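A short reminder: the numbers here are calculations on the coordinates, not readings from a lab. What you see is a predicted model, and the numbers here were worked out from it, not measured in a lab. Here the Cβ positions follow ideal geometry from the backbone for every residue, glycine too, while neighbour counts run over all protein chains shown.
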Amino acid sequence: MKKKLIINTFLLSLGLEIIYVILFFVLPKYIFISLLFQVPLFLAVSLLANLFLVSSGSENPNKFIRIFMLSTFIKFVFYVMILFAFVMMFRAEAVPFIISFFILFVVYLIFDVVFLLNNKA
């Protein structure tokens, strides 16, 4: 399951990064270079959290749910800190960065939930 998780996460990230690169050249006025670095950030955080979750190998559904909720909360707090730091440093790019960040957060959250539900059952 770990190999499948890694491959699927990399494929999702590669697809998203390709979309960003295309948008960067098609709509350069709206896509800042900093947006290209969001996907690798989400890739790293998602892989670390999900590999930890999968490695916990808990057969107890309640324990698995607690670990999943804790990892989601930790990721959310980490992401908020990243957003806050970026907005404080680069105010001109804040709005597109936040919108893009939120879209990626939702995409990776849906991916995590669907992947874990399909592979835990």
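Some points to look at:
- Crossing angle, helix 2-26 versus the chain [Cα axis fit, 0-90 degrees, rounded to tens]: 10 degrees
- Lysine pair number, Cα distance threshold 20 Å (strictly under), the chain, separation 8 or more or different chains: 7
- Put in line by how crowded their Cβ is, counting other Cβ atoms within 10 Å and starting with the fewest, 59, 17 read 59, 17.
- Residues in segment 60-66 carry Karplus couplings, in order, of 7, x, 5, 5, 4, 5, 4 Hz; the curve used is 6.51 cos²θ - 1.76 cosθ + 1.60 with θ = phi - 60°, and Gly or Pro positions show x.
- Projected label distance in nm at residue 32 and residue 74, using a 7 Å step from Cα toward the beta-carbon: 2.9 nm
- Mean separation of Cα contacts under 8 Å (6+ apart) over length of segment 1-49, as relative contact order %: 45 percent
- Across every direction, the projection of the convex hull enclosing the Cα atoms of the chain has a mean area of 7.3 nm².
- Computed over the chain, relative contact order equals 31 percent, with contacts defined as Cα pairs under 8 Å that lie 6+ residues apart.
- Helix 38-56 and the longest principal axis of the Cα set of the chain meet at an angle near 10°.
- In the chain, the longest principal axis of the Cα atoms and the axis of helix 94-120 are about 20 degrees apart.
- Taking Lys and Arg as +1 and Asp and Glu as -1, the other residues whose beta-carbon sits under 15 Å from that of residue 74 total +1.
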